[in-house]
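*Asks:* Could you have a look at this structure, given as structure tokens, before my questions?
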Amino acid sequence: MVAARHLDDISTAVDTSAGSERASAGFFHFSGHGGAVNDRVRTHVVRVSGKHAGRTTATMTKMSANTWTTTMTCWCWCWCWWWWWCTAALAPFVIGTVTCLKDVFIEVPIAIREGTTAVMRCDYDLEQEALYTVKWYKGRQEFFRYVPKELPHTRVFPLATINVDVSESGQNQVVLRHVTPDLDGKYRCEVSADAPTFHTQIVAAWMHVVRTMDGKPELHLEKSQYSIGEKLRANCSSPPSNPAANITWFINDKELGNGHILKIPLKRPSGTLFKTLSSIEYDVLVAGKLKIKCQSDIYHVITSETEVMLDEDKPRLASILQPHDHSAGPKSAYPIGAIVLITFVIMR
């Protein structure tokens with residue numbers, strides 16, 4: 001009875017033009033008993049006419065406006081949330097494009113002699129940002145750090161065989177004294193900008209510590225003089241070193257290449273060294289002197305060379321006026337024909 005009374009109130013609010021239009025269509029359906037209930041519900045959802053039509057249309061328009069407002073509010077909230085998330089996520093990159101750390105460059109000796117001093121530089125451009133830290137690594141182990149906001153600004157971390165000269169090291173360079181073969185390897189420089197970005201870049205380079213004996217290459221030639229058409233043969237040996245040296249040949253300042261290379265290991269108490277032997281054969285096709293040069297180098301940084309000048313072997317012509325006299329004693333400065341002519345003039 002309560003349900004029927006409630007449906008009577010609904011049907012009273014909506015008046016239809018004819019009873020035949022009651023059962024035309026409906027969105028609500030109640031299963032079970034009570035066909036009158038189904039008819040009344042359907043009456044509520046069919047075409048509206050009469051004096052309540054204007055009020056119903058206004059109600060529906062108000063409902064449509066509320067739905068549009070709700071939809072737009074949801075879209076606005078979604079847009080604001082998306083914009084906030086993108087701004088928070090991309091802020092460091094956007095700031096970095098305006099003022100950021102850039103142009104980080106490391107400069108490390110490619111090759112350096114054992115026992116000497118290595119100067120390593122790390123240059124960078126902070127633009128308008130402040131520096132946070134500069135860190136130096138050998139491999140994965142940190143051995144030096146520069147922090148401008150701390151006192152002292154520099155900090156050295158113990159690492160075997162590394163001897164850092166703190167007085168010469170700072171935000172752009174680190175100086176290593178008395179380098180040993182153990183310091184051969186990869187070095188990294190890590191630069192970080194200060195808050196809020198803490199932008200960081202890392203660059204790396206290799207340094208080779210060379211063990212080498214002092215001296216120049218030894219150059220040996222088969223002959224000291226050559227004629228056109230002959231074959232020049234020579235060999236050259238570099239001072240012992242580790243790694244082994246490269247040998248390059250030059251004749252009259254024209255590069256010939258490396259020749260035939262042989263590397264010989266030499267055992268030393270401090271470790272193994274290598275001696276490089278090279279030999280060449282060259283067809284002499286040009287008259288005149290020959291300048292032979294043997295150049296020894298390691299990583300094109302440590303070089304030494306030896307040069308030899310060769311004379312052309314020219315044939316000697318025999319004297320027509322006087323036979324060769326190999327006897328000892330002073331030689332006459334005048335030919336025999338001149339002496340006979342002078343004697344004939346005196347006798348007259």
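The values are calculated or read from the model by the stated rules, or taken from the named source; none is laboratory data. None of the values given here were measured: they were computed from a predicted structure. Glycine also receives a Cβ, built like all others from the backbone with ideal geometry; neighbour counts cover every protein chain displayed. Ligands, DNA and RNA are stripped out before the accessible areas are found, and what is left, the full protein with its side chains, is counted by its heavy atoms. Shrake-Rupley method; radii C 1.70, N 1.55, O 1.52, S 1.80 Å.
*Asks:* Regarding region 210-281, what whole-number volume in Å³ per residue does the convex hull of its Cα atoms give?
*Replies:* On the way: hull volume 7.4 nm³, N = 72.
Convex hull volume per residue, Cα atoms: 102 Å³.
*Asks:* Can you compute the label reach from residue 254? Point 7 Å from Cα along the Cβ direction, backbone N cut-off under 17 Å, restricted to region 269-304.
*Replies:* Hits in region 269-304 for residue 254 at 17 Å: 280-294.
*Asks:* Related question: Tell me the accessible surface of residue 309 in square angstrom (1.4 angstrom probe, heavy atoms of protein chains only), to the nearest ten.
*Replies:* Approximately 110 Å² of residue 309 is accessible to the 1.4 Å probe.
*Asks:* Sorting 266, 151, 232 by accessible area (1.4 Å probe), largest first, what list results? Spell out each step's value before the answer.
*Replies:* On the way: 266 45, 151 155, 232 0 Å².
If we order 266, 151, 232 from most to least accessible, we get 151, 266, 232.
*Asks:* Could you calculate the contour length gain from residue 214 to residue 311, that is, 0.36 nm times the residue separation minus the distance between their Cα atoms, to one decimal place in nm? Intermediate results must be reported in sequence, preceding the final value.
*Replies:* Numbers: separation 97, 0.36 × 97 = 34.92 nm, distance 3.00 nm.
Between residue 214 and residue 311, full extension yields an extra 31.9 nm.
*Asks:* Return the distance in nm (one decimal) between the two label points of a simple spin-label model at residue 150 and residue 297, each offset 7 Å from Cα along Cα→Cβ.
*Replies:* 4.3
*Asks:* Multiply the residue gap between residue 261 and residue 105 by 0.36 nm, knock off their C-alpha separation, and tell me the result in nm, one decimal place. Walk me through the numbers before you get to the answer.
*Replies:* On the way: separation 156, 0.36 × 156 = 56.16 nm, distance 3.70 nm.
In short, 52.5 nm is gained.
*Asks:* Projected onto the charge dipole of region 140-223 (+1 at Lys/Arg Cβ, -1 at Asp/Glu Cβ, origin at the Cα centre), which of 213, 154, 189 gives the Cα projection farthest towards the positive end?
*Replies:* Of 213, 154, 189, it is 189.
*Asks:* Placing +1 at every Lys and Arg Cβ and -1 at every Asp and Glu Cβ, with all other atoms neutral, what dipole size does region 121-174 have around its Cα centre, in debye to the nearest 20?
*Replies:* Details: 7 positive and 8 negative charges, 68 e Å.
Using only the charged Cβ atoms, the result is roughly 320 debye.
*Asks:* Now for a different question. Nearest 0.05, what FRET efficiency do residue 287 and residue 142 give at R0 = 51 Å with Cβ-Cβ as r?
*Replies:* On the way: r = 65 Å, r/R0 = 1.27.
Between residue 287 and residue 142 the formula returns 0.20.
*Asks:* Of 221, 273, which has the most accessible area and how do the rest follow, probe 1.4 Å? Please list the in-between numbers first.
*Replies:* Details: 221 50, 273 5 Å².
Ranked list, largest accessible area first: 221, 273.
*Asks:* What are the residues whose amide H is under 5 Å from the amide H of residue 104, where those residues sit 5 or more places off or on another chain and H is modelled from the backbone?
*Replies:* When sequence neighbours closer than 5 places are left aside, the close amide H contacts are 125.
*Asks:* Another question, then. Hey, what's region 157-278 come to in accessible area per residue, 1.4 Å probe, Å²?
*Replies:* Numbers: 6450 Å² over 122 residues.
Here the residues of region 157-278 average 53 Å² of exposed surface.
*Asks:* Something else now. Counting only protein heavy atoms, what percent of the accessible surface of region 99-162 is carbon or sulfur at a 1.4 Å probe?
*Replies:* Values: 1810 of 3570 Å².
Answer for region 99-162: carbon and sulfur cover 51 percent of the accessible area.
*Asks:* Here is a further query. Ordering 129, 168 from largest to smallest accessible area (1.4 angstrom probe), what's the sequence?
*Replies:* 168, 129
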